[in-house]
Amino acid sequence: INYVTAGESHGPQLTGILTGIPAGLTLNIDAINAGLAARQGGFGRGNRQQIEHDQVVVTGGLRHGVTLGSPLALTIQNRDHAHWSEIMNPTSPATATNTLRQVTRPRPGHADLVGGMKYGHRDLRNVLERSSARKTAMRVAIGQVCKQLLAQLDIHLIGYVHQIGAVVADDSTVTTVDALATEISRNDLRITDQSKVTELHDLITATKKAGDTLGGVIKVVAENVPAGLGSYTSWDTKLDGQLAAAVMGVNAMKGVEIGDGFGAAANYGSRVMDEIDWNAENGWRRLSNHLGGFEGGMTNGMPIIVKAAMKPIPTLYKPLQSVDVATKAKQKASVERSDTTAIVPASIVVESVVAITLARALTATFDGSNLDRLRVQLATYRDELRQY
Ligand code: EPS
């Protein structure tokens, strides 16, 4: 499985090409659109989300709702383009009017300045249009396709908000994907500790009033992933490394943990290693899961636990110091419409990229041409693991 996305935030549309999805998967478009709607939601979102009503259109790789095994072509319209049709017109030449809104005061923490340096842009809009978190909408659409493939293989996952700013809002008694999905659906922050909802609404509201922003920590749990995906034999075949790369590729991510992560670094081996057990009913398992479902870069059959540290949104309505790239004069950074926090949508984006990475590992390990054959091969493999 591989994919590429294209499209600028205020251009005509987002485009995604997803290759390697097996033939024979019945695609639930409504479920993909539900994932897109969830990405648009969340307390603390900006006004762009009032304009968009993201829905995916599939224009290739699907017939009568069933995948063909050929590349899936996906598009999501940018409704906001109607307000930017001159400024962000792909073909009409630049004029004094359609290049009026030059961005020359880079925002600290965004791709603005370094992107301008790297690609030789003097108008930093040429950078921010693609670096914008808007592009995560297509990664969610692609991720939800992969999530549906995983579900057909009895593998389920969920991404949710573990912490907002410095406030941890994770009820540690809620651990299964089903229970997590139920608890996070009860509030607009995708947290499991319902007692923290009001406090966090107040925090986000106060942060917005102060012209500031917040990040947080996202957690993804994936269940029933068979042992042995990924390999210890080479650095780049370790699946936990591939997961970390995928998560770090999401806007604003500054850290990734597998299992206890940095907590493991601070603990004794006797508290971190998960003891091994076997019984006739369940076969091989571990008596704890500090290692987050990985040993030697390979899944070990325990739930996969990934945490991601998201930096606060770089666009500040109380802007920090910057320098104008045209005049070199010290200036306050530019202000682009933005969110107070995007931790809620980011939890769906990180869930999506974990789903893509796991689906890629499965279709690389077994025959990824046809879903029924993949399903049979996986069932045989699961039996083999039980009998080991
Ligand atoms: C976002 C789209 C963007 C921003 C925001 C989130 O749309 P616009 O630029 O038109 O407002 O609202 O992007 C960022 C916060 C960012 O730093 O890129 C989205 O669809 O998630």
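The values are calculated or read from the model by the stated rules, or taken from the named source; none is laboratory data. Predicted, not measured: the structure shown is a model, and the values here were computed from it. Every residue, glycine among them, receives a Cβ derived from its backbone with ideal geometry; neighbour counts consider all protein chains shown. These accessible areas exclude ligands, DNA and RNA; they are computed on the full protein's heavy atoms, side chains included. Shrake-Rupley method; radii C 1.70, N 1.55, O 1.52, S 1.80 Å.
Among the residues that make up the stretch 109-131, is at least one of them within 16 Å of the ligand (Cβ to nearest atom) and in contact with a strand residue (DSSP E or B) (Cβ under 7 Å, 6 or more places away or on another chain)? No, the stretch 109-131 contains no residue that is within 16 Å of the ligand (Cβ to nearest atom) and in contact with a strand residue (DSSP E or B) (Cβ under 7 Å, 6 or more places away or on another chain). Under the condition of being more than 10 Å from the ligand (Cβ to nearest atom) and open to solvent by 10 Å² or more (accessible area, probe 1.4 Å), the residues counted in the stretch 335-360 number 2. I'd like to know if the stretch 299-315 contains one or more residues that are within 16 Å of the ligand (Cβ to nearest atom), exposed (fewer than 14 other Cβ atoms within 10 Å of the Cβ) and within 19 Å of residue 108 (Cβ to Cβ). Checked the stretch 299-315: no residue is within 16 Å of the ligand (Cβ to nearest atom), exposed (fewer than 14 other Cβ atoms within 10 Å of the Cβ) and within 19 Å of residue 108 (Cβ to Cβ). Does residue 249 count as closer than 30 Å to residue 131 by Cα, over 23 Å from the mean Cα position of the chain (by Cα) and within 16 Å of the ligand (Cβ to nearest atom)? Against the criterion (closer than 30 Å to residue 131 by Cα, over 23 Å from the mean Cα position of the chain (by Cα) and within 16 Å of the ligand (Cβ to nearest atom)), residue 249 does not qualify. Considering the stretch 146-174, and only residues there that are assigned to a loop (DSSP other than H, G, I, E, B), β-branched (Val, Ile, Thr) and surrounded by 15 or more Cβ atoms within 10 Å (Cβ to Cβ), the residue that is farthest from the chain's Cα centre (by Cα) turns out to be 174. When the stretch 1-19 is filtered for residues that are in contact (Cβ under 8 Å) with a residue 40 or more places away in the chain and assigned to a strand (DSSP E or B), the ones remaining, listed by number, are 2, 3, 5, 13, 14, 15, 16, 17, 18, 19. Quick one: how many residues across the stretch 236-260 are out of contact with any helix residue (DSSP H, G or I) (no Cβ under 7 Å at 6 or more places or on another chain) and not small (Gly, Ala, Ser)? Of the residues in that region, 7 qualify. Could you look through the stretch 6-52, keep only residues that are open to solvent by 20 Å² or more (accessible area, probe 1.4 Å) and among the hydroxyl-bearing types (Ser, Thr, Tyr), and pick out the one that is nearest to the ligand (Cβ to nearest atom)? Only one residue fits best here, namely 15.
Of the set (1) closer than 25 Å to residue 13 by Cβ; (2) open to solvent by less than 40 Å² (accessible area, probe 1.4 Å); (3) under 20 Å from the mean Cα position of the chain (by Cα), all apply to residue 123 but (3). Residues in the stretch 53-68 that are touching a residue at least 12 places away in the same chain (Cβ under 8 Å) and surrounded by fewer than 17 Cβ atoms within 10 Å (Cβ to Cβ): 53, 55, 57, 59, 60, 65, 66, 68. Here is a list of conditions, (1) within 26 Å of residue 342 (Cα to Cα); (2) touching a Pro at 6+ places or on another chain (Cβ under 9 Å), and residue 76 meets all of them except one; can you say which number that is? Result: residue 76 passes all but (2).
Scanning the stretch 20-35 for any residue that is closer than 30 Å to residue 199 by Cβ, assigned to a helix (DSSP H, G or I) and among the small types (Gly, Ala, Ser) turns up at least one such residue.
The residue list 227, 181, 244 contains one member that is more than 20 Å from the chain's Cα centre (by Cα) and open to solvent by less than 50 Å² (accessible area, probe 1.4 Å), which is 227. Filter the stretch 295-333 down to the residues that are under 25 Å from the mean Cα position of the chain (by Cα) and basic (Lys, Arg), then identify the one that is farthest from residue 204 (Cα to Cα). Only one residue tops the list, namely 307. Restricting attention to the stretch 54-87, the residues that are assigned to a loop (DSSP other than H, G, I, E, B) and either near the ligand (Cβ under 10 Å from one of its atoms) or under 19 Å from the mean Cα position of the chain (by Cα) (or both) add up to 4.
Evaluate the following for residue 189: is it in a loop (DSSP other than H, G, I, E, B), of a type outside the set (Ser, Thr, Tyr) and either within 16 Å of residue 218 (Cβ to Cβ) or modelled with pLDDT of 95 or more (or both)? Taking the combined requirement at face value, the residue satisfies it. Across the stretch 93-107, what is the number of residues that are in contact with a Leu (Cβ under 6 Å, 6 or more places away or on another chain) and within 12 Å of the ligand (Cβ to nearest atom)? Counting residues in the stretch 93-107 that are in contact with a Leu (Cβ under 6 Å, 6 or more places away or on another chain) and within 12 Å of the ligand (Cβ to nearest atom) gives 1.
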